[in-house]
Amino acid sequence: MIKGVIFDLDGVLVSTDELHYEAWAKLARELNINNYTKEDNKAQKGISRMESLEIVLKKGNIAYTEKEKEALADRKNNYYVEMLDSLNDSAVLKDVKEALAMLKNRGIKIGVGSASKNTPLILEKTGLEPSIDAVSCGIDVTKSKPDPEVFLVAAKKLCLPPNECLVVEDSYAGVVAAKAAGMKSLAVGPERKLLEADYDSETLLSETDWDLMLKISYNF
Ligand code: BG6
Ligand code: MG
């Protein structure tokens, strides 16, 4: 049986994906990289800040030292954190609050598994923090998705074995990470059909779907 659901943050619980894109786009313009697009941003979903930076820099033809790259990643993060200043509960995506309440009523533990080092700040600003039993994020791990570490840390914090956890994701790296962790996966978001998750759903609110997913028990 599934006893815990681990949610990705950006693009699953909150609409911060758009802000990540705007902050990277601003940095790209300043570096005279004018061909960074939303399509490039799709490949940044789920992966770490430094890996996301590499995707932007690949669009230009300047080589940077590691020290310079760290400064660029910090610059992007400062833009992003500035944008988070006005973040509030209106950034919580549709059906999320209702789904979290429904899971809680069923005695399901709720975790967050995100690459973002800004996870605690975002959960606090959007008012989601009290609904979450355990947070695992970029601060807790050394390897990012598609490595399973972030989800394994979340399961550990929830005191559950991996095979009793279901991951909700909107990124390919995240679905691969869930599988590598030995967890079932539910894909949401515009790319959900392409992510090769165990399930995909347009809404987080179908009680029948949750019943089906939570009842799953499987052996390794
Ligand atoms: C993920 C986003 O959740 O967090 C990525 O999907 C982002 O696009 C990553 O690069 C790291 O986020 P942060 O806030 O630590 O820069
Ligand atoms: Mg995401």
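Largest GNM mean-square fluctuation across 86, 171, 144, computed for the chain with C-alpha springs under 10 Å, falls on 86. In region 151-220, a dipole from Cβ-located charges (positive for Lys and Arg, negative for Asp and Glu) runs towards its positive end, and of 213, 153, 186 it is 153 whose Cα lies farthest in that direction. Across 174, 107, 46, mean-square fluctuation computed from a Gaussian network of the chain (C-alpha pairs under 10 Å connected) peaks at 107.
Computing FRET efficiency as 1/(1 + (r/R0)^6) for residue 71 and residue 180, where r is the C-beta to C-beta distance and R0 is 30 Å, gives about 0.40. Relative to the longest principal axis of the Cα atoms of the chain, helix 66-84 runs at roughly 60 degrees.
Which longest uninterrupted range of the chain lacks any trypsin sites (Lys or Arg not before Pro) assigned by DSSP to a loop state (not H, G, I, E or B) and surrounded by at most 15 other Cβ atoms within 10 Å? The segment 144-220 is the longest one with no such site. Using bins of 5 Å that start at zero, the share of Cα-Cα pairs per bin across the chain amounts to 1, 7, 16, 19, 20, 16, 10, 6, 3, 2, 0, in whole %. Taking Lys and Arg as +1 and Asp and Glu as -1, the other residues whose beta-carbon sits under 10 Å from that of residue 28 total +2. On a per residue basis, the chain carries 49 Å² of accessible surface, using protein heavy atoms and a 1.4 Å probe. Apolar share of the accessible surface for region 16-86: 47 percent from carbon plus sulfur atoms, 1.4 Å probe. Taking springs between alpha-carbon atoms closer than 10 angstrom, which of 61, 77, 105 fluctuates most in the Gaussian network model of the chain? Among 61, 77, 105, the largest GNM mean-square fluctuation belongs to 61. One equal scatterer on each Cα of region 1-113, no solvent, Debye formula: the resulting log10 I(q)/I(0) at q = 0.15, 0.24 Å⁻¹ is -0.73, -1.34. When the helices of the chain are scored as -39500 (n - 2.57) per DSSP H run of n ≥ 4 and the total is divided over every residue, the value at 222 nm lands at -12500 deg cm²/dmol.
Note that region 128-139 has calculated 3J(HN,Hα) couplings of 7, 3, x, 7, 9, 7, 7, 10, 10, 8, x, 6 Hz, one per residue in order, obtained from phi through the Karplus relation 6.51 cos²θ - 1.76 cosθ + 1.60 (θ = phi - 60°); glycine and proline are x.
Quick one: Cα centre-to-centre distance for region 87-157 and region 37-51, in angstrom? First find each Cα centre; the distance between them is then 19 Å.
Excluding same-chain neighbours fewer than eight residues apart, the lysines reachable from residue 157 by a Cα-Cα span under 20 Å are 3, 104, 109, 117, 143, 145, 179, 184. Among beta bridges from DSSP that stay inside the chain, the antiparallel ones total about 5%.
The values are calculated or read from the model by the stated rules, or taken from the named source; none is laboratory data. A quick note: this is a predicted structure, and the numbers were derived from the prediction, not measured. All Cβ positions, even for glycine, are placed from backbone atoms using ideal geometry, and neighbour counts span all protein chains on display. Heavy atoms of the whole protein, side chains included, go into the accessibility calculation; ligands, DNA and RNA do not. Shrake-Rupley method; radii C 1.70, N 1.55, O 1.52, S 1.80 Å.
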